[in-house]
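**Q** Here it is: the structure, laid out below.
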Amino acid sequence: MKRKIYDKMLEWKQRSSGRTALLIDGARRVGKSYIARQFAESEYRSYIMIDFGRAPEEIKSLFYNYLNSLDELFMYLSNYYGVKLYERESLVILDEIQLCPKARSAIKYLVEDGRFDYLETGSLMSIKKNVRDILIPSEEEHIRMYPLDFEEFLWALDNDMLMPFIKACFEKTKPLGQAMHRKSMDYFRQYMIVGGMPQAVAAYAETKSFDDVDRIKRAILELYRADIVKHAEGYEMKVEQIFDDIPSQLQKHEKKFKFSSLSKNARFREYEDALFWLSDAMITNPCYNSTSPEIGLKLNMDRLTMKCYMADTGLLISHAFDENGLVSEEIYRKLLFDKLEVNKGMIVENIVAQMLAAGGHKLYFYSNPSKDDASSRMEIDFLIAKSKISNRHNVSPIEVKSGSNYTIKSLKKFIARYSEQTHIPYVIHTGDLKSEDGILYIPLYMTPCL
C-alpha cells in the first residue's frame, strides 16, 4: 500500500546520509514492518531485517558481545541472514526493537561506525521496562506511524483524484456541490467503518465484505489484549479496565473520562501509568483540557481532565458493538447509509480526533463547567494552534456535529469571550462547506486540510 510516511523516510535517507538512525514508532499491525521492507527493497542495494520477535538469543547477544568488534558483528549478521552488505548501500532494519533494548542502545556505535544505514521499528518505546538500563541514543530520529488516513484509504481503493479536489475546494473556501459532496461522504463513511489498519483496508479493497473486515479488526483487538497481559507488567488489570471502558466513556454527552466508572474511589494518579501505556502503545489518542486557550496550549494543560479516544475508529466500532462477537452487517449498513442513531456522535468525534492526530496536532479541548457564570460555561470539542504564531488570533476552536440539526452555543460563547485569541472557528459537520458569521463550516472529509 502507498503510505505517506515513505516520503519522510526518503527525506531522512537523503538528508542524514548515515549520520542518524530512523525510529518508526507505531501501534501493532499499523504497517511498520511492511513499509520498512518496502523501503529497503526500493532504496538500497541489499538489506538485513532482524525481527527481534523471532530472532534467536544468539542474534540478540551479538549486540551485547560484539560492539567493540563491529567487523565480527557484521560478519555474523551477514552470514546468518545470507545477505551481503555493501558499505553505504545497505540498510539494517531492527524490527520490534523494544524487545531488544540493548540493540537500541547500540545505535550510537553503529551510526558512529558509518558503514550502513539503520532503521528501527517498534512500539511501547517509552515505558520503563523498554528503556531500563540503556542509554537512549541521541543519533536517533523519531517519527510516528498512524493508521491509514483518508487519502491513503482512497489510494487503496484506486482513487487518486478525490482528495486533491477536496483540498482545492478547501483552499478556495468553495463547496463541492451536491453530487461531489454526496460521493465524498459515501467514501468517508466507508473509511469511518473500515478504519485505517492496513489488513482491514486491504481486505475491504479486495472483497468489500464488512464481515471479513470485522474479523480482522477483532483479531487486532485480541492482539492488543494479549499485549496488555504480556507487557503491562504490574498494572495490566488497570490498562484492561480503561481499554474496555473507552466506548462507554465516549458515548456520553460529555466525553471526559470519568475514573469513578472504573471503581468507586478511583483517582487519576492510580491510573496514570495505565493511561500512559495505552498512549505509548498508540492504541489511544489522549486529549487534554487546556484551561486557557492561548499561545502554548500545553502550558495550560490540565492532565486530570481528559478524553480518551481510540487511535483507529474502525477498531472502536468493532470494540463498541461486540455483543455477539462480530459486528453484524446490519449495523455496518446503518452506519454506511447514516441511519444509525445510537453512538454516532462517539464515532464521528473519534474519527476527527484520529485525523487531527495523524495531521500532527496534539489533542486539546476546552471545558469550563462554571456554575456561577453562564457566559463562561462551555464545552469546545477541540482546540488547534496556528502553524505560525503571531501576537493574537492563534487558536482555532472546533465543534464536531454528527447530525444535521444542531446548535453551536458553546462556540459562539467562546468567540465572544476569547475574540483576541480566536483564529478561525470551525464547525466540522456532515454538510458541505459554508461560511456564516465568521464561522467556517467544513465537511468531515476536509478535517485533514486543517
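**Q** Listed residues 200, 168; which is small (Gly, Ala, Ser), buried (at least 19 other Cβ atoms within 10 Å of the Cβ) and out of contact with any strand residue (DSSP E or B) (no Cβ under 9 Å at 6 or more places or on another chain)?
**A** 200
**Q** I need the full set of residues from the range 434-450 which are surrounded by fewer than 20 Cβ atoms within 10 Å (Cβ to Cβ) and either in a loop (DSSP other than H, G, I, E, B) or hydrophobic (A, V, I, L, M, F, W, C) (or both), in order please.
**A** If the condition is that a residue be surrounded by fewer than 20 Cβ atoms within 10 Å (Cβ to Cβ) and either in a loop (DSSP other than H, G, I, E, B) or hydrophobic (A, V, I, L, M, F, W, C) (or both), then 437, 438, 439, 440, 449, 450 are the ones that fit.
**Q** Right, here's the next one. Going by the conditions given, is residue 250 in the same structural domain as residue 321 (by TED's automatic domain parsing), closer than 24 Å to residue 401 by Cα and in contact (Cβ under 8 Å) with a residue 24 or more places away in the chain?
**A** Answer is yes for this residue.
**Q** Is it the case that residue 102 is surrounded by fewer than 23 Cβ atoms within 10 Å (Cβ to Cβ) and over 24 Å from residue 28 (Cα atoms)?
**A** Taking the combined requirement at face value, the residue does not satisfy it.
**Q** Which residue is nearest to the chain's Cα centre (by Cα), if the candidates are limited to the range 20-44 and must be under 20 Å from residue 107 (Cα atoms) and part of a helix (DSSP H, G or I)?
**A** This residue is 32.
**Q** Then there is this: Could you list, in sequence order, the residues of the range 395-431 that are of a type in the set (Asp, Glu) and in contact with a strand residue (DSSP E or B) (Cβ under 6 Å, 6 or more places away or on another chain)?
**A** Within the range 395-431, 399 is the sole residue that qualifies.
**Q** A further question on this structure: Can you confirm whether residue 102 is of a type in the set (Lys, Arg), touching a Ser or Thr at 6+ places or on another chain (Cβ under 6 Å) and more than 14 Å from residue 118 (Cα to Cα)?
**A** When the stated conditions are applied, residue 102 does not pass them.
One line per residue, one yes/no per condition, for (1) touching a Leu at 6+ places or on another chain (Cβ under 6 Å); (2) hydroxyl-bearing (Ser, Thr, Tyr); (3) in a strand (DSSP E or B):
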{"site": "84", "(1), (2), (3)": "no, no, no"}
{"site": "88", "(1), (2), (3)": "no, no, no"}
{"site": "125", "(1), (2), (3)": "no, no, no"}
{"site": "143", "(1), (2), (3)": "no, no, yes"}
{"site": "163", "(1), (2), (3)": "yes, no, no"}
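**Q** Could you tell me which of the residues 197, 180 is in contact with a Leu (Cβ under 9 Å, 6 or more places away or on another chain) and in contact (Cβ under 8 Å) with a residue 24 or more places away in the chain?
**A** 197
**Q** Here's a follow-up. Say whether the condition of being within 23 Å of residue 19 (Cα to Cα), touching a strand residue (DSSP E or B) at 6+ places or on another chain (Cβ under 7 Å) and among the basic types (Lys, Arg) is met by at least one residue in the range 114-136.
**A** Taking every residue of the range 114-136 in turn, none turns out to be within 23 Å of residue 19 (Cα to Cα), touching a strand residue (DSSP E or B) at 6+ places or on another chain (Cβ under 7 Å) and among the basic types (Lys, Arg).
**Q** Which condition from (1) among the aromatic types (Phe, Trp, Tyr); (2) buried (at least 21 other Cβ atoms within 10 Å of the Cβ); (3) over 24 Å from residue 376 (Cα atoms) is the one that residue 257 breaks?
**A** (3)
**Q** Also: Which of the residues belonging to the range 49-66 are crowded, with 17+ Cβ neighbours inside 10 Å, part of a loop (DSSP other than H, G, I, E, B) and touching a residue at least 40 places away in the same chain (Cβ under 8 Å)?
**A** Hits for the range 49-66 are 52, 55.
**Q** Does residue 243 fit the bill of being farther than 25 Å from residue 337 by Cβ, within 21 Å of the chain's Cα centre (by Cα), buried (at least 21 other Cβ atoms within 10 Å of the Cβ) and at pLDDT below 90?
**A** Spelling it out, it is not the case that residue 243 is farther than 25 Å from residue 337 by Cβ, within 21 Å of the chain's Cα centre (by Cα), buried (at least 21 other Cβ atoms within 10 Å of the Cβ) and at pLDDT below 90.
**Q** Is it the case that some residue within the range 204-216 is touching an Asp or Glu at 6+ places or on another chain (Cβ under 9 Å), under 20 Å from residue 321 (Cβ atoms), part of a loop (DSSP other than H, G, I, E, B) and without any contact (Cβ under 8 Å) to a residue 12 or more places away in the chain?
**A** Yes, the range 204-216 contains a residue that is touching an Asp or Glu at 6+ places or on another chain (Cβ under 9 Å), under 20 Å from residue 321 (Cβ atoms), part of a loop (DSSP other than H, G, I, E, B) and without any contact (Cβ under 8 Å) to a residue 12 or more places away in the chain.
**Q** Which one of the conditions (1) of a type outside the set (A, V, I, L, M, F, W, C); (2) surrounded by 13 or more Cβ atoms within 10 Å (Cβ to Cβ); (3) modelled with pLDDT under 95; (4) not in a helix (DSSP H, G or I) does residue 121 fail to meet, given that it meets all the rest?
**A** Among (1) of a type outside the set (A, V, I, L, M, F, W, C); (2) surrounded by 13 or more Cβ atoms within 10 Å (Cβ to Cβ); (3) modelled with pLDDT under 95; (4) not in a helix (DSSP H, G or I), the lone unmet condition for residue 121 is (3).
**Q** With the condition kept exactly as written, say whether any residue in the range 307-314 is modelled with pLDDT of 85 or more, under 30 Å from residue 420 (Cβ atoms) and crowded, with 19+ Cβ neighbours inside 10 Å.
**A** yes
**Q** Also, quick follow-up: Pick from 78, 16: which is surrounded by 15 or more Cβ atoms within 10 Å (Cβ to Cβ) and within 28 Å of residue 144 (Cα to Cα)?
**A** On inspection, the qualifying residue turns out to be 16.
**Q** Here is a follow-up. State the number of residues belonging to the range 360-376 that are basic (Lys, Arg) and without any contact (Cβ under 8 Å) to a residue 24 or more places away in the chain.
**A** Residues that pass the stated criteria total 1.
**Q** Same structure again: Tell me whether the range 182-194 contains one or more residues that are hydroxyl-bearing (Ser, Thr, Tyr), assigned to a loop (DSSP other than H, G, I, E, B) and farther than 20 Å from residue 34 by Cβ.
**A** For the range 182-194, residues hydroxyl-bearing (Ser, Thr, Tyr), assigned to a loop (DSSP other than H, G, I, E, B) and farther than 20 Å from residue 34 by Cβ: absent.
The values are calculated or read from the model by the stated rules, or taken from the named source; none is laboratory data. In this text the structure is predicted, and so the values were computed from the model without any measurement. No Cβ is skipped: glycine too gets one built from the backbone with ideal geometry, and neighbour counts run over all protein chains shown.
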